[in-house]
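The structure under discussion appears below in the form of structure tokens.
The values are calculated or read from the model by the stated rules, or taken from the named source; none is laboratory data. As the structure is a computational prediction, the values presented were derived from the model and not from experiment. Backbone-built Cβ (ideal geometry, glycine too); neighbour counts: all protein chains shown. Side chains are part of the model used for accessible areas, which takes the heavy atoms of the whole protein and leaves out ligands, DNA and RNA. Shrake-Rupley method; radii C 1.70, N 1.55, O 1.52, S 1.80 Å.
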Amino acid sequence: MSAILDIVASAGLWAAVLRIATPLIFGTLGALLSERSGVLNLGIEGIMTFGAMVGWLAVFNGADLWTGMLVAAASGALFGLVHAGMTVSLGLSQHVTGLGITLFASSLSYYIFRLTVPLASTPPTVTPFQPIAVPGLSDLPFVGPALFTQTLPTYLSIAIALLLAYVVYRTPLGLALRMSGENPHAAEAQGVDPIRVRYGAIMAGSALMAMGGAFLTLSAFNSFFPTMVQGRGWICIALVVFASWRPGRALFGALLFAFFDAFQLRLQTVLGDVPYQIFLMMPYILSIAALAVMARRARVPQALMQPYRRGER
Amino acid sequence: MTTETTESTAEPVLALSHISKRFGPIVANDDISIALGRGELLALLGENGAGKTTLMSILFGHYTPDAGTVRVDGVELPHGRPRAAIKAGVGMVHQHFSLAPNLTVLENVMTGTEPLWSLRSRKGAARRKLAAIAERFGLSVDPDARLGDLSVGEQQRVEILKALYNDARILILDEPTAVLTNIEAERLFRTLREMARQGLSLIFISHKLDEVMAAADRIVVLRGGRVAAERRAAETNKAELAELMVGHRVTRPTRAPAEPGATVFQASRLTVSSGGVERLKAIDFFLREGETLGIIGVSGNGQTTLSQLMGGLAAPSGGEMRLFGEPVAALDVDDLVQAGVGRIPEDRHRQGAIGEMAIWENAVLERIRQPLFSRRGIVNRSAGQAFAATIIEEFDVRGGTPTSRTRLLSGGNMQKLILGRNLYRRPRILIAAQPTRGLDEGAVAAVHARILEARQAGTAVLLISEDLDEVMGLADRIQAIVKGRLSAPIAAEDADPRRLGLMMSGDWAAGEGNTGEGHPHAS
Ligand SMILES: Nc1ncnc2c1ncn2[C@@H]1O[C@H](COP(=O)(O)OP(=O)(O)OP(=O)(O)O)[C@@H](O)[C@H]1O
Ligand SMILES: [Mg+2]
């Protein structure tokens, strides 16, 4: 029991929580933005992979780290454009299109990686983002090392979560976004163009997803390998439901999942005689449990997954 | 025929000229011209599918017409641009509300009213403006209520407020009273008259001749997509309007005396709860072959639960039911269909038909497992389509073929489809909840004739309605529903509007042999 307390009381755990949460925060916010406008984007897994690859590749070829992030975001927006074209303009199935994008983007990532980077026994690396100690705050006992010695993209992800919470609930743009996801006909009748709103939300959301991927190669690790996203995209899709489509709760959900994950890693070392697969399952099982509790009360955007065609009843 | 000159010489506020619109083979609007004066209340009358909604959608920029122009104050509006219509001062209250149930009243109203990229929603200012408008026209609602929690009447008020919030000077209401109770409807028309008095110009669409005669200044009748006639309200009468609308005389069918047979369904002291509230409290009624029981009441008094119960969607928590003499604990949807119980649900869009599916698919939905329509899990399309074609033919469903999507049918025609599906093979019991809501005179007469026909052939009918004329025209026995309780039945011969009105307001001394206290042991 005291071993468990020791884990929770270590600053290292909390620092890891923020690190692990960052790509989830980006991805969840991206998926949330898209779904709030009424479009499910299952391309997330592939878009994160592609973002991880292309961001890394840019830096590997001499771009600076932020340019790498930007390149990733732009590539994400491009995949978003494709998704929007298929689902919004053509009204195709959002599931099928999204899964198609995931398959395509994942394979394309590996293909481009193989084409441009020579085979080597150890994967080539770049110099990733370095932790920034926030002046003043990082010297605080416990809280300092736990929360204020992260890399810049981590701080950025939290800032974006707060920004999105503000935009969604406090600005005309956010209202237009929500209305497009609840009732695009009503939006249209009020002079808001739901098609443009959906295009915008899907593209911006996909850009965030790709940045989540790029965080993996440019901050968490320093190299790219094709399987590195490891289902994080799907976790994000579940976290959106857990968060009941609210940005603030999405942030909380991502941190909670990351906590389970960081905790099980440390627990493995303490309880050596339990098979480690049990621990690996833990965050997922706890997430499903949390989802089962939270999702019952969730208010799903009413027009989610319903294509909007102008001039039809 | 141009109508622009029939109003005063002053420039009309709104002028629709030579509007035409077709959907594939269907001509929805054919060279329609209408003008609207300032402070005028114009009624647009027409059968189901006459093209009323289409015309108003063109005016508001939802649809682009094939030909014709829309002018507001003499200035032509660009087609297909709701935004331009709003800017010009046109507001629209849709037949199917366009509101978002998950957002608050204020959010629904504010959408699209501010520059999209401003950094902050000015909710405080919006709240004040909304309160001022609500005050001016007597349209009060709680701005912070979640829209989905409001009653239908309140939601409609939000729709109207939304238009007024955008400074509408011309307000269009598409069948505003179809979903309202009589009291709510009266209140609405008081509001509309007040608006006209304050200089707004209004068009409302309706099938109900009474309210058209009572409220409108001028009446335009559409038939088959064309203007069939135009009358001042003072110069016409109901019979003439009905004839103009349908193109021939309409008379509602009359009821022959009933010859009731065996009791097919009996409810004793039945209580049904949902959401922790007792919606039906120890009710008693029975249904007999060849007889219609009418349940009259202002909507919201338990009718929805009653039709859910009879449709197998709710189970009783107390009391007893007998179906064909056998005691049953709850009705099961599948068993009901097998046993020959037909149902016409109250909410035809949500429970009656699936808009995205083809008409023939909806037609066979409940019978899909019958050998005629499917064998070993494989659907026989041609049999289904043939069946749908028969229904379309026999029940006069207009505006679609067996393979077209059900969503495209006008409201009234969708109801005829549902009715046809249920009555085609004579059911032993028919549950009809608000069967003629939103239907035009001709369709009402047709639906009534069908229901009477079924009863004549021995079907036991349960009619749930808030329309006095309908219940008096169709039912053999009448019970009133008030706050989840049922009055004792009275014979149709003893019913008159005044007595039914009293019963609906809970004065059960008006019903035979029943004290005003109702059932003593129900809480
Ligand atoms: N988007 C559409 N696509 C195809 N057909 C349509 C469409 N909208 C309307 N129609 C058809 O045009 C005709 C006129 O429909 P409309 O909705 O204007 O009738 P309405 O007068 O409003 O009827 P109701 O009283 O039943 O509401 C109908 O035959 C309908 O099926
Ligand atoms: Mg209509």
- Message: List pairs: first residue in the stretch B:449-473 and at positive phi, second residue basic (Lys, Arg) and open to solvent by less than 10 Å² (accessible area, probe 1.4 Å) anywhere in the structure, Cβ distance under 7 angstrom, at least six positions apart or on different chains.
- Response: none
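Could you identify the single residue in A:Gly212, A:Gly136 that is at positive phi and away from chain B (no Cβ under 14 Å)?
A:Gly136
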- Taking the stated definitions as given, is B:Ala43 open to solvent by less than 20 Å² (accessible area, probe 1.4 Å) and within 7 Å of ligand 1 (Cβ to nearest atom)? no
- Taking B:Ala491 as meeting all but one of (1) of a type in the set (A, V, I, L, M); (2) surrounded by 17 or more Cβ atoms within 10 Å (Cβ to Cβ); (3) over 25 Å from the mean Cα position of the chain (by Cα), write down the number of the exception. (2)
- Listing of helices (runs of 4 or more DSSP H) fully contained in the stretch B:101-184 that carry 1 or more residues being closer than 17 Å to A:Leu173 by Cα and within 14 Å of another protein chain (Cβ to nearest Cβ): B:105-110, B:123-137
- Item | Residue count, the stretch B:389-409 (criterion: open to solvent by less than 40 Å² (accessible area, probe 1.4 Å) and farther than 22 Å from B:Thr436 by Cβ) | 2
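Identify the residue in the stretch A:132-154 that is of a type outside the set (Ser, Thr, Tyr) and assigned to a strand (DSSP E or B) and, among all such residues, is modelled with the lowest pLDDT.
The extreme case among them is A:Ala133.
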- Pairs returned, first residue in the stretch B:318-344 that is in contact (Cβ under 8 Å) with a residue 24 or more places away in the chain, second residue that is open to solvent by 50 Å² or more (accessible area, probe 1.4 Å), beta-carbon separation under 6 angstrom, 6 or more apart or interchain, are B:Gly319/B:Arg269; B:Arg322/B:Gln266; B:Val337/B:Glu366; B:Gly340/B:Arg428
- Output for the stretch B:177-205, where each listed residue is touching a strand residue (DSSP E or B) at 6+ places or on another chain (Cβ under 6 Å) and within 16 Å of ligand 2 (Cβ to nearest atom): B:Ile203, B:Phe204, B:Ile205
- Message: Anything in the stretch B:401-425 that is more than 16 Å from ligand 2 (Cβ to nearest atom), polar (S, T, N, Q) and part of a helix (DSSP H, G or I)? List them, or say none.
- Response: B:Asn422
- Condition met for A:Thr269 (modelled with pLDDT of 90 or more, assigned to a helix (DSSP H, G or I), farther than 21 Å from A:Leu162 by Cα and of a type outside the set (A, V, I, L, M, F, W, C)): no
- Please determine, by comparing only the residues of the stretch B:457-473 that are open to solvent by less than 10 Å² (accessible area, probe 1.4 Å) and touching a helix residue (DSSP H, G or I) at 6+ places or on another chain (Cβ under 6 Å), which one is farthest from B:Arg428 (Cα to Cα). B:Ser465
- Restricting attention to the stretch A:244-262, does a residue exist that is in a loop (DSSP other than H, G, I, E, B), of a type outside the set (D, E, K, R) and modelled with pLDDT of 85 or more? yes
- Task: Answer yes or no: is there a residue in the stretch B:227-244 that is in contact (Cβ under 8 Å) with a residue 40 or more places away in the chain and either within 16 Å of ligand 2 (Cβ to nearest atom) or of a type in the set (Lys, Arg) (or both).
- Result: no
- Please determine, by comparing only the residues of the stretch B:18-33 that are more than 14 Å from chain A (Cβ to nearest Cβ) and open to solvent by 10 Å² or more (accessible area, probe 1.4 Å), which one is farthest from ligand 2 (Cβ to nearest atom). B:His18
- Query: Only one of (1) more than 10 Å from every other protein chain (Cβ to nearest Cβ); (2) open to solvent by 20 Å² or more (accessible area, probe 1.4 Å); (3) more than 20 Å from A:Tyr111 (Cα to Cα) fails for A:Pro247. Which number is that?
  - Reply: (2)
- Message: Suppose we keep only residues that are in contact (Cβ under 8 Å) with a residue 60 or more places away in the chain, facing another protein chain (nearest Cβ under 10 Å) and in a loop (DSSP other than H, G, I, E, B) within the stretch B:75-96. Which one would you say is surrounded by the fewest Cβ atoms within 10 Å (Cβ to Cβ)?
- Response: B:His96
- Task: From (1) under 23 Å from A:Pro153 (Cβ atoms); (2) modelled with pLDDT of 95 or more, pick out the condition that doesn't hold for A:Ala220.
- Result: (2)
- Query: In this structure, does B:Glu356 turn out to be surrounded by fewer than 14 Cβ atoms within 10 Å (Cβ to Cβ), within 14 Å of another protein chain (Cβ to nearest Cβ) and away from ligand 2 (no atom under 16 Å from the Cβ)?
  - Reply: yes
- Item | Every pair of residues 6+ apart whose Cβ atoms lie under 9 Å, when the first sits in the stretch A:287-312 and is under 30 Å from A:Phe263 (Cα atoms) and within 14 Å of another protein chain (Cβ to nearest Cβ) while the second is assigned to a helix (DSSP H, G or I) and open to solvent by less than 50 Å² (accessible area, probe 1.4 Å) | A:Ala298/A:Val241; A:Ala298/A:Phe242
- Message: I'd like to check something: does the stretch B:34-51 contain any residue that is without any contact (Cβ under 8 Å) to a residue 40 or more places away in the chain and within 14 Å of chain A (Cβ to nearest Cβ)?
- Response: no
- Could you figure out which of (1) assigned by TED's automatic domain parsing to the domain that holds B:Gly342; (2) open to solvent by 10 Å² or more (accessible area, probe 1.4 Å); (3) within 16 Å of ligand 1 (Cβ to nearest atom) isn't true of B:Val482? (3)
- Run A:Gly212 past the list (1) touching a Leu at 6+ places or on another chain (Cβ under 6 Å); (2) assigned to a helix (DSSP H, G or I) and report the number of the one that doesn't hold. (1)
- State all residues of the stretch B:426-441 that are open to solvent by 20 Å² or more (accessible area, probe 1.4 Å) and either more than 16 Å from ligand 1 (Cβ to nearest atom) or assigned to a helix (DSSP H, G or I) (or both); if no residue qualifies, say none. B:Arg426, B:Arg428, B:Glu441
- Residue list for the stretch B:58-68, restricted to those being within 12 Å of ligand 1 (Cβ to nearest atom) and open to solvent by 10 Å² or more (accessible area, probe 1.4 Å): B:His62, B:Tyr63, B:Thr64
- Message: Can you find a residue that is over 20 Å from the mean Cα position of the chain (by Cα) and β-branched (Val, Ile, Thr) anywhere in the stretch B:179-200?
- Response: yes
- Name the residues in the stretch A:229-243 that are buried (at least 19 other Cβ atoms within 10 Å of the Cβ) and outside any helix (DSSP H, G or I), would you? A:Val229, A:Ala243
- Message: I need the full set of residues from the stretch A:169-188 which are within 7 Å of another protein chain (Cβ to nearest Cβ) and either of a type in the set (Asp, Glu) or over 18 Å from A:Val88 (Cβ atoms) (or both), in order please.
- Response: A:Arg170, A:Thr171, A:Pro172, A:Leu175, A:Glu182, A:Glu188
